[in-house]
Amino acid sequence: MEKNELYPIFLKVSKLNVMILGGGSVGFEKLSFLLKSSPNANVVVTAKEFSKEMISLAKEFDIPLMWRPYSKNLLHKQHMVIAATNDKDVNKEIHRDAKAKQLLVNVADTPELCDFYLGGIVTKGNVKIAISTNGKSPTMAKRLRQFFEEVIPENIDDLVENLNFYRTTIKGKFTDKVSKLNELTQGFIVK
């Protein structure tokens, strides 16, 4: 069986410069996904044209839109780039330029040109679960997301807050704290 070797991380995109290149349906999807997870993301969207949906979403979240064609100088001071134009050659150019600047890049619908994937995400308060199929099946990631959204209780954040408070009251060495928290939460997992 093939193994998913992706390293999951949670980025503070409110502290990073993120650029989405593409103002159509794919760019809209990428921006929607980003803002659903991180409404305060520091993102700018660049395209020659923008869909009405993109303009509306950008306005709602106060996201800057740059009306211009792609050029590599747009990547200046960016940390992360999402190429979502409707032109495969431009997307490849964006990838090439981003790699030359050592930027993280995702090229929509082109897994071999991605440093990262935008998988399924479940968010309930402070609990966030990311789901990856290694770029193989966004549909399966979506179905798993829907499943977890149903089975994780809405009040899970209360439990997280209580555990956080309890964690601050535990005295002793780090290993003792971990042991006590593991003992307390052992019944949370259904076997």
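Could you count how many residues in the stretch 50-87 are within 14 Å of Gly27 (Cα to Cα), touching a residue at least 12 places away in the same chain (Cβ under 8 Å) and among the polar types (S, T, N, Q)?
Matching residues across the stretch 50-87 total 3.
Let me spell it out: the conditions are (1) touching a residue at least 60 places away in the same chain (Cβ under 8 Å); (2) closer than 21 Å to Ala130 by Cβ, and Leu31 meets all of them except one. Which number is the exception?
Single failed check for Leu31: (1).
Looking only at the stretch 147-165, which residues are among the β-branched types (Val, Ile, Thr), surrounded by 10 or more Cβ atoms within 10 Å (Cβ to Cβ) and in a helix (DSSP H, G or I)? Please lay out each step first, then the result.
Initially, the stretch 147-165 is screened for residues among the β-branched types (Val, Ile, Thr), giving 151-152, 156, 160.
Then keep just the ones that are surrounded by 10 or more Cβ atoms within 10 Å (Cβ to Cβ); that gives 152, 156, 160.
Once the filter is applied, which keeps residues that are among the β-branched types (Val, Ile, Thr), surrounded by 10 or more Cβ atoms within 10 Å (Cβ to Cβ) and in a helix (DSSP H, G or I), the stretch 147-165 yields Ile156, Val160.
Given the criteria aliphatic (A, V, I, L, M) and in a loop (DSSP other than H, G, I, E, B), does Ala41 qualify?
Values: aliphatic (A, V, I, L, M): yes; in a loop (DSSP other than H, G, I, E, B): yes.
So Ala41 fits the description; yes.
Would you please list the contacts, defined by Cβ atoms under 7 Å and residues six or more apart or on different chains, that run from a residue in the stretch 113-126 that is over 22 Å from His79 (Cα atoms) to a residue that is among the aromatic types (Phe, Trp, Tyr) and surrounded by fewer than 18 Cβ atoms within 10 Å (Cβ to Cβ)?
Listed by first residue and then by second, the contacts come to Val122/Phe148.
Restrict the check to the stretch 1-12 and report whether at least one residue is modelled with pLDDT of 95 or more, not aliphatic (A, V, I, L, M) and not in a helix (DSSP H, G or I).
Taking every residue of the stretch 1-12 in turn, at least one turns out to be modelled with pLDDT of 95 or more, not aliphatic (A, V, I, L, M) and not in a helix (DSSP H, G or I).
Do any strands (runs of 3 or more DSSP E) lying entirely in the stretch 88-146 carry at least 2 residues that are at pLDDT 95 or above, touching a helix residue (DSSP H, G or I) at 6+ places or on another chain (Cβ under 6 Å) and closer than 19 Å to Val26 by Cα, and which ones are they? Quick ask: steps written out before the conclusion?
Details: elements: 104-107, 120-124, 127-131.
Qualifying strands (runs of 3 or more DSSP E): 104-107.
The values are calculated or read from the model by the stated rules, or taken from the named source; none is laboratory data. Please read all numbers here as calculations on a predicted model, not as lab measurements. Cβ atoms come from the backbone with ideal geometry, glycine included; neighbour counts cover every protein chain shown.
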